[in-house]
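This report concerns only the one structure given below.
The values are calculated or read from the model by the stated rules, or taken from the named source; none is laboratory data. What you see is a predicted model; the values in this text were computed from it and never measured. Cβ: placed from backbone, ideal geometry, glycine included. Neighbour counts: every protein chain shown.
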Amino acid sequence: MTVPTLTDWLREYTTKGAYPAVWFLPVACECGFERFRLARADGNVRRTCARCDAERYVSRSGSSGNWDEAVGAGEAVEEFACAECGAKQAYICMGFAELREARRPKRERRTASGRDLMVLRRCPL
């Protein structure tokens with residue numbers, strides 16, 4: 001899937017929510033592949049490259065710390081499967097939405113970045 005097609009689809013998809021994404025970061029593995037198997041544990045997401053099996057974590061820090069903590073506490077690991085076709089792989093993109101508070105003067109903001117992180121996925125079929 002080409003990056004413009006993915007970001008255009010995600011831009012349209014997020015306009016239905018309270019904070020539409022305005023900036024996108026499509027995710028690719030170091031090997032260059034763009035499809036991943038995904039798993040979630042208590043809101044933490046692990047991505048595994050469908051070509052080389054490299055595991056990374058989708059988070060602000062990119063570390064496995066929150067994942068390890070959730071799994072260690074007994075949180076169930078849910079593997080992604082497309083609800084429509086059952087595909088086990090997906091393209092993923094990190095989307096960022098401007099928070100309303102980002103419009104406030106910097107000294108009055110409660111968050112440093114003024115952006116909210118979203119993990120967006122799309123079935124490869």
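Here's a check for you: in segment 38-70, which residue that is among the small types (Gly, Ala, Ser) and in contact with a Ser or Thr (Cβ under 9 Å, 6 or more places away or on another chain) is surrounded by the most Cβ atoms within 10 Å (Cβ to Cβ)?
Step one: list which residues in segment 38-70 are among the small types (Gly, Ala, Ser), which gives 39, 41, 43, 50, 54, 59, 61-65, 70.
Next, only the ones that are in contact with a Ser or Thr (Cβ under 9 Å, 6 or more places away or on another chain) stay: 39, 54, 65.
Working: ALA39: 17, ALA54: 13, GLY65: 12.
Of everything passing the filter in segment 38-70, ALA39 is surrounded by the most Cβ atoms within 10 Å (Cβ to Cβ).
Of the residues in segment 43-54, how many are at pLDDT 95 or above and within 17 Å of ALA70 (Cβ to Cβ)? It would help to see each step written out before you state the result.
Taking segment 43-54 as the starting set, the residues that turn out to be at pLDDT 95 or above are 48-54.
Still in the running and within 17 Å of ALA70 (Cβ to Cβ): 48.
The number of residues fulfilling the criteria is 1.
Just the residues that are over 14 Å from ASP68 (Cβ atoms) and either touching a Cys at 6+ places or on another chain (Cβ under 6 Å) or not charged (D, E, K, R) (or both), please, taken from segment 25-42.
LEU25, PRO26, VAL27, ALA28, CYS29, CYS31, GLY32, PHE33, PHE36, LEU38
Considering only segment 11-86, give the strands (runs of 3 or more DSSP E) lying wholly within it that have at least 2 residues that are touching a residue at least 40 places away in the same chain (Cβ under 8 Å).
Values: elements: 21-26, 35-41, 44-49, 55-58.
Where strands (runs of 3 or more DSSP E) fall fully within segment 11-86 and carry at least 2 residues being touching a residue at least 40 places away in the same chain (Cβ under 8 Å), they are 21-26, 35-41, 44-49.
Identify all residues within segment 13-40 that are at pLDDT below 90, touching an Asp or Glu at 6+ places or on another chain (Cβ under 6 Å) and among the hydrophobic types (A, V, I, L, M, F, W, C); write none if there are none.
Result: VAL22, single match.
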